[in-house]
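Asks: My questions will all concern the structure given below.
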Amino acid sequence: MARLPTSTAETRSVRLLKVGEQVRHVISELLTRQAVHDEVLSARTVSVTEVRMSPDLRHATVFIKPLLGEDEEAVLKAFRTHTAYFQKEVAGKLKLKYAAKVKFLSDDSFDEARRIEMLLADPRVRRDVAVAADGAEETDEDAGA
């Protein structure tokens, strides 16, 4: 009997990304249609920024961020309250072998990006970057001579 080709790390990761993106679309669509009957979710605009799937596709970590970051804890609590509904809808739309367990987390990547921008805007860091850039230009000129 012929063996099936084993999947490489690249194909597994591509599949995880594709399924995660499909889960993100399903949840975003539910929010857009206001299919979840919750006052907190209906009153706010929420972005589903990313979905990370576990390698076995049984767990989905959904990262959310309300517009302007307002009432983040209330929004997160509302999502967690309706986790069973989201799991049921995702399982119904995607037709995977197993229904993924969905976990909602706040997306802190925007806060991290803001922190990095503030660090880069610091005059001391700008000075160091300028000195490093000048040093790199000098070594390039020395190499060409």
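The values are calculated or read from the model by the stated rules, or taken from the named source; none is laboratory data. Here the structure is a predicted model, which means the values were calculated and not measured. FYI the Cβ positions are ideal-geometry reconstructions off the backbone, even for glycines, and counts take in every protein chain you see.
Asks: I'd like to verify a number: residues in the stretch 123-145 that are surrounded by fewer than 10 Cβ atoms within 10 Å (Cβ to Cβ) and either at pLDDT 75 or above or not in a helix (DSSP H, G or I) (or both), how many?
Replies: Total satisfying the criteria: 3.
Asks: Looking only at the stretch 72-92, which residues are of a type in the set (D, E, K, R) and surrounded by 15 or more Cβ atoms within 10 Å (Cβ to Cβ)?
Replies: Result: E72, E89.
Asks: Of all residues in the stretch 20-38, which are under 12 Å from H82 (Cα atoms) and surrounded by fewer than 14 Cβ atoms within 10 Å (Cβ to Cβ)?
Replies: Answer for the stretch 20-38, where residues must be under 12 Å from H82 (Cα atoms) and surrounded by fewer than 14 Cβ atoms within 10 Å (Cβ to Cβ): A35, H37.
Asks: Of everything in the stretch 79-122, what is in a loop (DSSP other than H, G, I, E, B) and more than 17 Å from the chain's Cα centre (by Cα)? Give them in sequence order.
Replies: H82, K95, L96, K97, Y98, A99, D122
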